[in-house]
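Down below is the structure, laid out as structure tokens.
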């Protein structure tokens with residue numbers, strides 16, 4: 001949801017940060033993704049007036065209700081890691097969308113990996 005800022009007084013546009021990727025049917029932040037979380041923690045320390053948006057997603061395998069819950073667990077895992085590292089929970093907004101917004105539409109593991117994510121967005125807080 002990155003874009004140009006709106007008119008004076010309007011909320012600032014979100015800017016994409018790094019997606020945090022997940023293994024199939026998992027919601028724990030895998031070790032290879034922790035540097036992305038660490039980078040976000042440092043960014044938030046360096047920018048105390050900013051807030052984070054976390055949007056969780058899954059690949060299309062699984063039922064919609066299950067995928068909705070899995071995407072929420074993924075968001076909560078990233079949020080918990082941020083809070084544990086000192087980022088205030090009040091600076092984090094979350095959303096969970098299951099498989100409804102795929103990045104890739106091919107039926108392959110390479111494609112599905114892109115969909116198993118938490119998108120990280122940042123912006124100045126209003």
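Each reported figure results from applying straightforward, stated rules to the coordinates on display, with no laboratory input. Remember, predicted model here, so these are calculated numbers, not experimental data. Because the Cβ atoms are built from the backbone with ideal geometry, glycine has one as well, and the counts that use them run over all protein chains shown.
Using alpha carbon centroids, what distance separates region 23-65 and region 70-105, in Å? After rounding, the separation between the Cα centres reads 5 Å.
Just want the ordering: 15, 34, 58, from fewest to most Cβ atoms lying within 10 Å of their own Cβ. Could the numbers behind the result be given before it?
Working: 15 15, 34 12, 58 29.
Fewest-to-most ranking of 15, 34, 58: 34, 15, 58.
Compute the Kirkwood hydrodynamic radius of the chain, taking the inverse of the mean of 1/r over all pairs of distinct Cα atoms, and give it in Å to one decimal.
Numbers: mean 1/r = 0.0671 Å⁻¹.
Here the Kirkwood hydrodynamic radius works out to 14.9 Å.
Considering Cα pairs under 8 angstrom that are at least six residues apart, work out the relative contact order of the chain and quote it in whole percent. RCO, the chain: 38 percent. Extension gain for the segment residue 80 to residue 100, taken as residue separation times 0.36 nm less the Cα-Cα distance, is 4.8 nm to one decimal.
With the highest mean first, a sort of the peptides 60-69, 91-100 on other beta-carbon atoms found within 10 angstrom per residue produces 91-100, 60-69. In the chain, helices alone account for a calculated mean residue ellipticity at 222 nm of -10500 deg cm²/dmol, with every DSSP H run of four or more residues adding -39,500 (n - 2.57).
Assuming R0 = 41 Å, what is the FRET efficiency of residue 110 and residue 88, from their Cβ-Cβ distance, to the nearest 0.05?
Values: r = 36 Å, r/R0 = 0.89.
That pair, residue 110 with residue 88, gives E of 0.65.
Between helix 64-84 and the chain there is an angle of about 40 degrees, using the helix long axis and the longest principal axis of the Cα atoms.
Relative to the first principal axis of the alpha-carbon coordinates of the chain, what is the inclination of helix 34-46, with its axis defined by its Cα atoms, in degrees from 0 to 90 and to the nearest 10? Here the helix axis deviates by roughly 10 degrees.
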